[in-house]
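Colleague: Pasting a structure here, questions to come.
Quick note: the coordinates plus some simple rules give every number you see, no bench work behind them. Note that this is a predicted model, so its numbers are computed, not measured. So basically every Cβ, Gly included, is an ideal-geometry build from the backbone, and we count neighbours across all protein chains shown.
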Amino acid sequence: MAIFFNISEIYQFAIKIEENGEIFYRKVAQNTKNKEVSDLFIFLADEEVRHKRIFEEHLSKIEKYEPPEIYPGEYFAYLKAYAEELIFPKNIEKELKREDILEAINFGIRRELDSIMYYLEIKDLIPETQHLELDKIIKEERSHFVRLSNLKKQMERKEV
């Protein structure tokens, strides 16, 4: 199978996903009047920042890779657009009901799962020598999914 991606591309994409996730969680936190909910989403935004730092640290340790392309920047423009439009679309928090925390949590859970699925799929497109690095990214995203799922259960118990 031809190798189309390099682990540095995957890290650049992961960094963009984390940046967009941070923006989403902070905007939801700002749009709620409930202090407990706001604090929770600030925590999640801070987790996105922490994940981004981890990915940037991994990226700094590997050789920079620039894919071949016809027009400069076209390939990374594609990855950027994918991250912005599919994982954490811009202004998505405006589509969520202002005080529906479960809706926001469910949206976050779906986006974390989308990220995990992307990384699992992309694993076949990178060299085997880079699978361990990609597994670290998947582990971080699973951690986010678990945190959001646990939070959802707590919130559902409060509503009963």
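Colleague: Residue by residue, what Karplus-based ³J(HN,Hα) values in Hz, rounded to whole numbers, does segment 108-113 have, using 6.51, -1.76 and 1.60 with θ = phi - 60° and x for Gly and Pro?
Modeller: Couplings: x, 4, 4, 5, 5, 5 Hz.
Colleague: Then there's this: Can you compute 3J(HN,Hα) from phi for each residue in segment 141-157, using the Karplus curve 6.51 cos²θ - 1.76 cosθ + 1.60 with θ = phi - 60°, rounded to whole Hz and x for Gly and Pro?
Modeller: 5, 5, 4, 5, 4, 4, 4, 5, 5, 5, 4, 4, 4, 4, 5, 5, 5
Colleague: Same structure, new question: Using θ = phi - 60° and the Karplus curve 6.51 cos²θ - 1.76 cosθ + 1.60, what whole-Hz ³J(HN,Hα) does each residue of segment 19-36 get, with Gly and Pro shown as x?
Modeller: 4, 5, x, 4, 4, 4, 5, 5, 5, 4, 4, 5, 8, 10, 8, 7, 4, 4
Colleague: If you don't mind, another one. Quick one: of K52/K158; K33/K152; K123/K152; K35/K136, which pairs are farther than 26 Å apart, Cα to Cα?
Modeller: K52/K158; K123/K152; K35/K136
Colleague: May I ask you to order 127-138, 103-114, 14-25 by the average number of other C-beta atoms within 10 Å around their residues, highest value first?
Modeller: Listed from highest to lowest mean packing, they are 14-25, 103-114, 127-138.
Colleague: Measuring from label point to label point, each 7 Å out along Cα→Cβ, what is the K158 to E103 span in nm?
Modeller: 1.7
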